[in-house]
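What follows is calculated from the coordinates using simple rules that are stated; it is not laboratory data. Given the structure is predicted, the values throughout are model-derived calculations rather than measurements. Neighbour counts run over all protein chains shown; Cβ positions are idealised from the backbone, glycine included.
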């Protein structure tokens, strides 16, 4: 009898724990997907020769949010001058977006990435299926280009998604920017800031944002690049199309209409029904480092604050302004002798050549990274589970870095930059 009472007391105590009824049928708070009332149909005039910022405003202080989705419709009219040529950037259409960001924590930005890195990352880590194939251009037609019948096969462009073939003449052009504010782990280890394991949790969302607070004045920042840039000094990185130097007759005009959608849960009146709050925040960020024309370059992964935390995955590319007659381009895989991920300054975790890196990535994700890109996914295991078990914790391990070695005579020009996109868990400080 006393044992039964003890068991009942333990069960009652467990039921009082915040989050204990989250995802319990009948008791859990309800999922919700709605447009943010303050950021609906925000129209931005796009400029031919200068960047533009969307006139977004602070998010509604409602609900608990796991993701923000920014649906963007671009109208674009490129008109080449007489005898002139407009050249599409190799990063089109995602370099229409400049650096976009959302900041919840005072110590770091929860999301900060330019459009091209954001697109590649959501291509391999989509918010609705972290182990599946996302909606990057080459994967957005889920029938893989096979046509059953014209009546049954829907072109993604017809339903407001980016299709498999787009060009500067595509209008409207649909782009979806995923901004994850939390992420579901199949197996999650809560760690102390010193790296000490505290508890292991299954199917854990880490960590959604509670919006109903007087201090929650959060504005998503969405920047658009210029429509046309002169194709010198690598400007194809920062514009969807380029023109020749001295071309004063080619023109661009366009606009972008965006709506921010909120994906999360109703805020319940009982803390047991809400998702629990943990000591780490899911984040996507990036770092940029000049190569200075070196044959070998190391990229520190513990830069403050963008690289400090548990690294779940990272992807890299080198932008060389000297390629494509000065418009710039991604350094091809053939230029790389080796790409390494190091645990401290000397100990290799992965010592890859482009082929081994691509082989392992393809087996994990069922798709390859774009040409010239390489990366490592430390969160997706061979068993298909998403976990921080093997995350690279730069808070407790010094010298974590990427080391790139180019083939003799193949190093990119001295003005080149290597960009590294980071998927991380960052320690919450405020």
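The Rg/Rh ratio of region 212-267, with Rg taken over Cα atoms and Rh as the Kirkwood radius over Cα pairs, comes to 1.24.
Tell me, what is the FRET efficiency for residue 88 and residue 217 to the nearest 0.05, using R0 = 60 angstrom and their Cβ-Cβ distance as r? Could you put the intermediate results ahead of the total?
Working: r = 39 Å, r/R0 = 0.65.
That gives a FRET efficiency of 0.95.
Taking every DSSP bridge with both residues inside region 162-272, close to 75 percent are antiparallel. Size descriptors for region 154-199: radius of gyration and Dmax over Cα atoms are 20.0, 54 Å.
What length, rounded to one decimal in nm, is gained on full extension from residue 325 through to residue 415, with 0.36 nm per residue of separation minus their alpha-carbon distance?
Details: separation 90, 0.36 × 90 = 32.40 nm, distance 1.42 nm.
Contour length minus Cα-Cα distance gives 31.0 nm.
The calculated P(r) of the chain, using every Cα pair and 20 Å bins from 0, goes 24, 55, 19, 2, 0 in percent. Distance between the 7 Å Cα→Cβ label points at residue 30 and residue 257: 2.9 nm.
Estimated at 0.36 nm per residue, the fully extended path between residue 245 and residue 196 surpasses their Cα-Cα distance by 11.9 nm.
When the convex hull of its Cα atoms is viewed from all sides, region 299-429 shows a mean projected area of 8.9 nm². Just need the relative contact order of the chain here, percent rounded to a whole number, with Cα pairs under 8 Å and 6+ apart. Contact order relative to length: 25 percent. When shorter helices are ignored and each DSSP H run of at least 4 residues is given -39500 (n - 2.57), the per-residue value for the chain at 222 nm works out to -2500 deg cm²/dmol.
Two decimals, Cα atoms only, Kirkwood Rh: what is Rg/Rh over region 179-225? Mind dumping the intermediate values first?
Details: Rg = 15.1 Å, Rh = 13.4 Å.
My calculation of the ratio gives 1.13.
Spin-label pair residue 40-residue 382: with each label point 7 Å from Cα along the Cα-Cβ axis, the two points sit 5.0 nm from one another.
What is the ratio of the Cα radius of gyration of region 356-427 to 2.2 N^0.38 Å, where N is its residue count, to two decimals? Walk me through the intermediate numbers first.
Values: Rg = 14.8 Å, N = 72, 2.2 N^0.38 = 11.2 Å.
Output field value: 1.33.
Within the chain, antiparallel bridges make up roughly 95 percent of the DSSP beta bridges whose residues both belong there. If I model a spin label as a point 7 Å beyond the Cα along the Cα-Cβ vector, how far apart are those points for residue 351 and residue 57 in nm? For residue 351 paired with residue 57, the spin-label model returns 5.8 nm.
In square nanometres, what is the average projected area of the Cα convex hull of region 224-355? Could you put the intermediate results ahead of the total?
Details: hull surface 54.8 nm².
That works out to 13.7 nm², a quarter of the Cα hull's surface.
How much FRET efficiency would the formula 1/(1 + (r/R0)^6) give for residue 295 and residue 390, where r is the Cβ-Cβ distance and R0 is 25 Å, rounded to 0.05?
Values: r = 30 Å, r/R0 = 1.21.
For residue 295 and residue 390, the calculated efficiency is 0.25.
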